[in-house]
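Encoded as structure tokens, the structure appears first; notes follow it.
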Amino acid sequence: MNENVRQEELLVAYLSIWNNRKVSDGGGREVLPELIRRELLDENAHPRARKPVLEKFYLSIKRVMESSLSEEMKNAIVMAYITELERL
């Protein structure tokens, strides 16, 4: 149960950083990893305007670190990004 609460908190924190990101799913365990994967693959951009994965990783991490989230939340989101990057 605590893990689900943690995932929901991370999802809310992630959505607070990224404008225009909406989630229709109720916040299941795989929602945040899927959003991060889509962000790293730049699937929200037009195919001709997509950036390489490592560039998107850098820009995403920079945005997380410059946010007003707590250090603990920033670290958790960065770790989620690293985990997803390693899966690609």
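The values are calculated or read from the model by the stated rules, or taken from the named source; none is laboratory data. Predicted model, so just to flag it, every value in this text is computed and none were measured. We work out accessible area using only protein heavy atoms, side chains counted, and drop any ligands, DNA or RNA first. Shrake-Rupley method; radii C 1.70, N 1.55, O 1.52, S 1.80 Å.
Structure above, values below:
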{"quantity": "Accessible area, probe 1.4 Å, largest first, for residues VAL53, VAL64, VAL78", "calculated": "VAL53, VAL78, VAL64"}
{"quantity": "Solvent-accessible surface (1.4 angstrom probe) belonging to GLU43, in square angstrom, nearest 10", "calculated": "60 Å²"}
{"quantity": "With all protein chains modelled, accessible area of LEU69 [1.4 Å, Å²]", "calculated": "40 Å²"}
{"quantity": "Inverse mean reciprocal Cα-Cα distance (Kirkwood Rh) of region 46-88, Å", "calculated": "11.2 Å"}
